[in-house]
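Novice: Quick one: structure below, then a few questions.
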Amino acid sequence: MKARSLTPLLLLLLCGAFLLSLMAGKVWIWPTSWAADNADGWIFLELRLPRAVLGLCIGAILGLSGAVMQGYLRNPLADPTVLGVSASAALGGVLAIYLGINMLPFGLFGSAMLGAGASIALLLAISRGGGPIGFILGGMVLSTLAGALTAFVISIAPNPFAASEIINWLMGALTDRLMTDVWTALPFMALGGLLLLSTGRALDALTLGENGAKSLGIDLIRLRWIIVFGVGLAVGASVAVSGVVGFVGLIVPHLIRALYGEQPSRILLPSALGGAILTLTADSMVRLVPGPGEVRLGIAMAVLGAPFFLLLLLRYRKGSL
């Protein structure tokens, strides 16, 4: 099947996943009740609609970020979660909650975006020239350090309620999000996404190596900072509104690359669509788990993504990548 015919199929799947997210739950809400003046209509407008919109946007951002990072680093294992970007954004958010900065306008978002941007900038600096393994090791160091600092902040939380709030937020979920959360997060994710989408031509040139890219007129320093700001804004805002939802940016670009080919610019938009489909579908499935509660989206994605990452590592060791 040609790549051009796949994009409409992805759009169709995205529409289906979005509709499923609007309807699925412990109580199914069918389209005939969306505008009803009763409990179903209220649940749809106040809870299901913002949750579905956030799932779409966050999934798209994570899929796109993973594709850009894999293209820039020329490393098929790159992903905001694996490289510690999400953990660093979470650390920024945890510090904001602990210090009360989250009570300020955009305090939580600003702290999470600063953590994400600082981590990707630090990763690019410390891993320069280290090859694929250097990037992975650098990301694991950042992820471990951010996780340790996050645990330390939780351990010194002034009361159990603050610690509980931090832990619940860290597990990653779209539960009980409102339209105010959508309007707060959307501008940052949109700006970050546009910056990342603009890197397609430069990422194509980088497949020839840094010297080849420079000979084609690519400003590598400018490209690096575009990625730093794009990932910082997009991933930071997504973590701020949902907590850590991992491995979307690792899984989706690999699946898309198998369909669209290896050219980085060709997989950016499809990776965003695929990320949205995966996140919306997973978020719908966690609501349908039997029992009074629901599995956290971040936990479900970790259960799905960790074996996928292990499989990629095994393939990489065998020289298949």
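Novice: Inspect the range 85-99 for any residue being of a type in the set (Phe, Trp, Tyr), crowded, with 20+ Cβ neighbours inside 10 Å and more than 20 Å from Leu223 (Cβ to Cβ) and give the result as yes or no. Break it down stepwise before answering.
Specialist: The first filter runs over the range 85-99 and keeps only residues of a type in the set (Phe, Trp, Tyr), leaving 98.
Now narrow it down to the ones that are crowded, with 20+ Cβ neighbours inside 10 Å: none.
The answer is no, given that none of the residues of the range 85-99 is of a type in the set (Phe, Trp, Tyr), crowded, with 20+ Cβ neighbours inside 10 Å and more than 20 Å from Leu223 (Cβ to Cβ).
Residue-wise test of (1) surrounded by 20 or more Cβ atoms within 10 Å (Cβ to Cβ); (2) modelled with pLDDT under 90; (3) touching a helix residue (DSSP H, G or I) at 6+ places or on another chain (Cβ under 6 Å).
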residue	(1), (2), (3)
Thr7	no, yes, no
Ser21	yes, no, yes
Thr32	no, yes, no
Ala52	yes, no, yes
Cys57	yes, no, yes
Val68	yes, no, yes
Leu73	yes, yes, yes
Leu77	yes, yes, yes
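Novice: Look at Gly63 and say whether it is in contact with a helix residue (DSSP H, G or I) (Cβ under 7 Å, 6 or more places away or on another chain), within 19 Å of Thr184 (Cα to Cα) and touching a residue at least 60 places away in the same chain (Cβ under 8 Å). Before the answer, list the steps.
Specialist: On the way: in contact with a helix residue (DSSP H, G or I) (Cβ under 7 Å, 6 or more places away or on another chain): yes; within 19 Å of Thr184 (Cα to Cα): no; touching a residue at least 60 places away in the same chain (Cβ under 8 Å): yes.
For Gly63, the condition - in contact with a helix residue (DSSP H, G or I) (Cβ under 7 Å, 6 or more places away or on another chain), within 19 Å of Thr184 (Cα to Cα) and touching a residue at least 60 places away in the same chain (Cβ under 8 Å) - is not met.
Novice: Now for a different question. Report every pair of residues separated by at least 6 positions or lying on different chains whose Cβ atoms are under 8 Å apart, first residue within the range 293-317 and free of Cβ contacts under 8 Å to residues at least 24 places away in the same chain, second open to solvent by 60 Å² or more (accessible area, probe 1.4 Å) and in a helix (DSSP H, G or I).
Specialist: Ala300/Met285
Novice: Looking only at the range 256-270, count every residue that is surrounded by fewer than 23 Cβ atoms within 10 Å (Cβ to Cβ), hydrophobic (A, V, I, L, M, F, W, C) and at pLDDT 90 or above and tell me the total.
Specialist: 1
Novice: Among the listed residues Val239, Val245, identify the single one that is in contact with a Pro (Cβ under 9 Å, 6 or more places away or on another chain) and under 22 Å from Met301 (Cα atoms).
Specialist: Of Val239, Val245, the one residue that is in contact with a Pro (Cβ under 9 Å, 6 or more places away or on another chain) and under 22 Å from Met301 (Cα atoms) is Val239.
Novice: Within the range 183-222, restricting attention to residues that are β-branched (Val, Ile, Thr) and touching a residue at least 24 places away in the same chain (Cβ under 8 Å), which residue is least open to solvent (accessible area, probe 1.4 Å)?
Specialist: Ranking the qualifying residues of the range 183-222, first place goes to Thr199.
Novice: For the structure I just gave you, tell me whether Val141 is in contact with a Ser or Thr (Cβ under 8 Å, 6 or more places away or on another chain) and either touching a residue at least 40 places away in the same chain (Cβ under 8 Å) or open to solvent by 50 Å² or more (accessible area, probe 1.4 Å) (or both).
Specialist: Spelling it out, it is not the case that Val141 is in contact with a Ser or Thr (Cβ under 8 Å, 6 or more places away or on another chain) and either touching a residue at least 40 places away in the same chain (Cβ under 8 Å) or open to solvent by 50 Å² or more (accessible area, probe 1.4 Å) (or both).
Novice: So, one more: Taking into account only those residues within the range 289-306 that are among the small types (Gly, Ala, Ser) and surrounded by fewer than 17 Cβ atoms within 10 Å (Cβ to Cβ), which is nearest to Val82 (Cα to Cα)?
Specialist: Ala306
Novice: Among (1) under 19 Å from the mean Cα position of the chain (by Cα); (2) in contact (Cβ under 8 Å) with a residue 40 or more places away in the chain, where does Gly261 come up short?
Specialist: (1)
Novice: Here are Val248, Val286: which of them is within 19 Å of the chain's Cα centre (by Cα) and surrounded by fewer than 24 Cβ atoms within 10 Å (Cβ to Cβ)?
Specialist: Values: Val248 fails: surrounded by fewer than 24 Cβ atoms within 10 Å (Cβ to Cβ).
Exactly one of Val248, Val286 is within 19 Å of the chain's Cα centre (by Cα) and surrounded by fewer than 24 Cβ atoms within 10 Å (Cβ to Cβ), namely Val286.
Residue by residue, here is whether (1) assigned to a helix (DSSP H, G or I); (2) in contact with a Gly (Cβ under 9 Å, 6 or more places away or on another chain) holds:
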residue: Leu186; (1), (2): yes, no
residue: Ala205; (1), (2): yes, yes
residue: Ala234; (1), (2): yes, yes
residue: Val244; (1), (2): no, yes
residue: Ala276; (1), (2): yes, yes
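Novice: Looking at the range 16-38, which of its residues are part of a loop (DSSP other than H, G, I, E, B) and of a type outside the set (S, T, N, Q)?
Specialist: Matches in the range 16-38: Ala24, Gly25, Lys26, Val27, Trp28, Ile29, Trp30, Trp34, Ala35, Ala36, Asp37.
Novice: Search the range 90-112 for residues that are under 19 Å from Asn159 (Cβ atoms) and pair each with any residue that is acidic (Asp, Glu) and crowded, with 16+ Cβ neighbours inside 10 Å when their beta-carbon atoms are under 9 Å apart and the residues are at least 6 apart or on different chains.
Specialist: Listed by first residue and then by second, the contacts come to Ile97/Glu165.
The values are calculated or read from the model by the stated rules, or taken from the named source; none is laboratory data. All figures in this text were calculated on a predicted structure; none of them were measured in a lab. With ideal geometry, Cβ positions are generated from the backbone for all residues, glycine too; neighbour counts draw on all protein chains shown. The accessibility values were calculated without ligands, DNA or RNA, using every heavy atom of the protein model including side chains. Shrake-Rupley method; radii C 1.70, N 1.55, O 1.52, S 1.80 Å.
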